[in-house]
Amino acid sequence: MSNKKVRLFAISTCGWCKRTKRCLEDNEVEATITDVDLLEGDEKETARKEVARVNPRRSYPTLIVGEGENEQVIIGFDEDKIKECLGL
């Protein structure tokens, strides 16, 4: 199990987002999961800005692993990349 900070920005109805969530759950990865479409006001705007910072296309799912210089971003669902990034 990874001890890296893991944040997932998703859309609640997105199939690829659901698969990413399931991958994290199945591998017992502790993650902060944000369904951007369920947020409102400032919270939604803050989440959108964080996604845009690492993903200019602003697509979902956007998975951020680690922080600062060691931050890695996975855009879209890619189970192999997720597992590799998390050392699973």
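Here, each number is a calculation from the coordinates, and none is a lab measurement. Remember, predicted model here, so these are calculated numbers, not experimental data. Quick reminder, even Gly has a Cβ in these numbers, built from the backbone with ideal geometry, and neighbours come from all protein chains shown.
Just to be sure, is residue 17 out of contact with any strand residue (DSSP E or B) (no Cβ under 9 Å at 6 or more places or on another chain), in a helix (DSSP H, G or I) and of a type in the set (A, V, I, L, M, F, W, C)? Before you say what the answer is, go through the steps one by one.
Details: out of contact with any strand residue (DSSP E or B) (no Cβ under 9 Å at 6 or more places or on another chain): no; in a helix (DSSP H, G or I): yes; of a type in the set (A, V, I, L, M, F, W, C): yes.
Considered against the rule, which asks whether it is out of contact with any strand residue (DSSP E or B) (no Cβ under 9 Å at 6 or more places or on another chain), in a helix (DSSP H, G or I) and of a type in the set (A, V, I, L, M, F, W, C), residue 17 comes out as no.
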Leading residue by the ranking (farthest from residue 88 (Cα to Cα)) among those in the range 23-55 that are part of a helix (DSSP H, G or I), in contact (Cβ under 8 Å) with a residue 24 or more places away in the chain and not charged (D, E, K, R)
38
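Please state which one of 26, 35, 42 is crowded, with 16+ Cβ neighbours inside 10 Å, out of contact with any His (no Cβ under 7 Å at 6 or more places or on another chain) and among the acidic types (Asp, Glu). If you could, list the steps in order and put the result at the bottom.
Values: 26 fails: crowded, with 16+ Cβ neighbours inside 10 Å; 42 fails: crowded, with 16+ Cβ neighbours inside 10 Å.
Answer to the selection: 35.
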Collect the residues in the range 67-80 that are within 19 Å of residue 17 (Cα to Cα), in contact (Cβ under 8 Å) with a residue 40 or more places away in the chain and outside any helix (DSSP H, G or I), keeping them in residue-number order.
76, 77
Here are some residues: 46, 34. Which one is β-branched (Val, Ile, Thr) and touching a Phe, Trp or Tyr at 6+ places or on another chain (Cβ under 7 Å)?
34
Qualifying positions in the range 6-24 - of a type in the set (D, E, K, R) and within 16 Å of residue 58 (Cα to Cα)
7
